[in-house]
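The values are calculated or read from the model by the stated rules, or taken from the named source; none is laboratory data. Not measured: the values here are computed from a predicted model. Note that each Cβ is placed from the backbone with ideal geometry, even for glycine, and that neighbours are counted across all protein chains shown. When the accessible area is computed, the model is the full protein with side chains, heavy atoms only, and any ligands, DNA or RNA have been set aside. Shrake-Rupley method; radii C 1.70, N 1.55, O 1.52, S 1.80 Å.
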Amino acid sequence: MNLIAAVDNNWAIGKNNQLLVSIPADMKFFRTETTGKVVVMGRKTLETFPNGQPLKNRTNIVLTRDKSYQVKDAIVVYSLEELREELKKYPSEDIYVIGGESIYRQLVDECDVAHITKIDFSYSADTYFPNLDEKPEWKITQISEEQTYFDLIYHFLKYEKV
C-alpha cells in the first residue's frame, strides 16, 4: 500500500481541515498517481473535496466511526477490520492512503511506499503526517530536482520501507 501527502518542514499537513498550501504541480502529481486506483481516506478528508464528493476516476473508500454515514459513489467502512477486508479485493500497489492524520497514523505501518511532497517551509498547523525520517524502517529512495512555486521550494520524495 502507498501513502501520499504534502508535508512541511515539521511534517504538518493541514490546518482547520484544509491543506496548508495548494501547489499545482503537487496536485497534478496526486491526480496522475491516484487516477484509476483506490484511495483510502477519513470522512473529514472527503468533506474537504469540492462539494464533499468522492474523487472521480478512482475507487473511494471512506473510513469513519459514524455508522450512519453514507456517501454516493464511495465505499464506506466503519472499522479497520472492515477496511482491511475491503482492501483485500485490490492489488496492494494500487491502494493510496490520502489522509487525514488519524488515517495516516492507523495505516502507516501497513504501507511500504510513501510519496511525499516535502515543502521547505514551516506553517501554522493542527494536523500532521507521521515523521518518516524518525522511523528507521523508512528510507528515501528517490528525490526530485528542487521545485519552486512562487517563493516556495519543494521536492517530490519517495520513501520505501526497508
*asked:* Looking only at residues that are of a type in the set (G, A, S) and touching an Asp or Glu at 6+ places or on another chain (Cβ under 8 Å) in the range 121-158, which one is farthest from Y104 (Cα to Cα)?
replied: S122
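Going by the conditions given, is T32 open to solvent by 70 Å² or more (accessible area, probe 1.4 Å) and hydroxyl-bearing (S, T, Y)?
yes
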*Taking the residues in the range 121-130 that are farther than 16 Å from H155 by Cβ and of a type outside the set (D, E) as candidates, determine which candidate is least open to solvent (accessible area, probe 1.4 Å).*
P130
*Unmet requirement for N51, which otherwise passes all of (1) more than 26 Å from K161 (Cα to Cα); (2) surrounded by 13 or more Cβ atoms within 10 Å (Cβ to Cβ)*: (2)
*Would you confirm whether any residue within the range 100-110 is buried (at least 20 other Cβ atoms within 10 Å of the Cβ) and part of a loop (DSSP other than H, G, I, E, B)?*
yes
